[in-house]
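Beneath this line is the structure, given in structure tokens, with notes to follow.
The values are calculated or read from the model by the stated rules, or taken from the named source; none is laboratory data. Everything numeric in this text was worked out from a predicted model, so none of it was measured. Note: ideal-geometry Cβ built from the backbone for every residue, glycine included; neighbour counts use all protein chains shown. When the accessible area is computed, the model is the full protein with side chains, heavy atoms only, and any ligands, DNA or RNA have been set aside. Shrake-Rupley method; radii C 1.70, N 1.55, O 1.52, S 1.80 Å.
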Amino acid sequence: MSGTSPDPVVEVRDVRAGHRFVLAVDGALAGTAQYRLDGDDVALLHTEIDPAYEGRGLGSSFVREVLRQVAERGVAVLPYCPFVRAYLQRHPDLVHLVPAARRAEFDLEQSA
């Protein structure tokens, strides 16, 4: 047996009945992203990573996957959550997920 640990199994899934995405690491709940449906758009309200999992880059990976899943549905994102908004500000290639007419509301108007 080697001294290296296997990479953790990370899963992101949408619990639609609970209006939240969940992040599981090796089957344990590591984070959540609360949302509400705003017409056809997904309003991301609050993202939280369990303190036991902080400092591993899981928050950014989680948000990236949440955005990917929302984009896959063909709907827009409304980033009310400060963490999601900051992520989008750092990744201008994803700002297109926010409706152009609403980007200024989220301090994203300078992004394309």
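Taking the stretch 76-92 as the region of interest, how many residues are open to solvent by 40 Å² or more (accessible area, probe 1.4 Å) and either in a loop (DSSP other than H, G, I, E, B) or within 14 Å of LEU37 (Cα to Cα) (or both)?
Final tally of qualifying residues: 2.
Per-residue answers, yes or no, for (1) in a strand (DSSP E or B); (2) farther than 15 Å from VAL84 by Cβ; (3) at pLDDT 95 or above:
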{"site": "THR4", "(1), (2), (3)": "no, yes, no"}
{"site": "LEU23", "(1), (2), (3)": "yes, no, yes"}
{"site": "GLU65", "(1), (2), (3)": "no, no, yes"}
{"site": "ARG68", "(1), (2), (3)": "no, no, yes"}
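What residue, among those in the stretch 46-68 that are surrounded by fewer than 16 Cβ atoms within 10 Å (Cβ to Cβ) and over 9 Å from the mean Cα position of the chain (by Cα), is farthest from VAL25 (Cα to Cα)?
Looking at residues that are surrounded by fewer than 16 Cβ atoms within 10 Å (Cβ to Cβ) and over 9 Å from the mean Cα position of the chain (by Cα), I get HIS46.
Has the stretch 36-53 got any residue that is assigned to a helix (DSSP H, G or I) and without any contact (Cβ under 8 Å) to a residue 24 or more places away in the chain?
Yes, the conditions are met somewhere in the stretch 36-53.
Looking at this structure, is VAL95 within 17 Å of TYR35 (Cβ to Cβ), surrounded by 19 or more Cβ atoms within 10 Å (Cβ to Cβ) and at pLDDT 95 or above?
So VAL95 does not fit the description; no.
Output yes when any residue across the stretch 101-110 is surrounded by 15 or more Cβ atoms within 10 Å (Cβ to Cβ), over 13 Å from the mean Cα position of the chain (by Cα) and part of a loop (DSSP other than H, G, I, E, B), and no when none is.
yes
Looking only at residues that are open to solvent by less than 40 Å² (accessible area, probe 1.4 Å) and not hydrophobic (A, V, I, L, M, F, W, C) in the stretch 35-45, which one is modelled with the lowest pLDDT?
ASP41
Just for the stretch 8-21: of the residues that are free of Cβ contacts under 8 Å to residues at least 40 places away in the same chain and assigned to a strand (DSSP E or B), which one is surrounded by the most Cβ atoms within 10 Å (Cβ to Cβ)?
Filtering the stretch 8-21 for residues that are free of Cβ contacts under 8 Å to residues at least 40 places away in the same chain and assigned to a strand (DSSP E or B), the one surrounded by the most Cβ atoms within 10 Å (Cβ to Cβ) comes out as ARG20.
The conditions are (1) in contact (Cβ under 8 Å) with a residue 12 or more places away in the chain; (2) within 25 Å of PHE106 (Cα to Cα), and ARG90 fails exactly one of them. Which is it?
(1)
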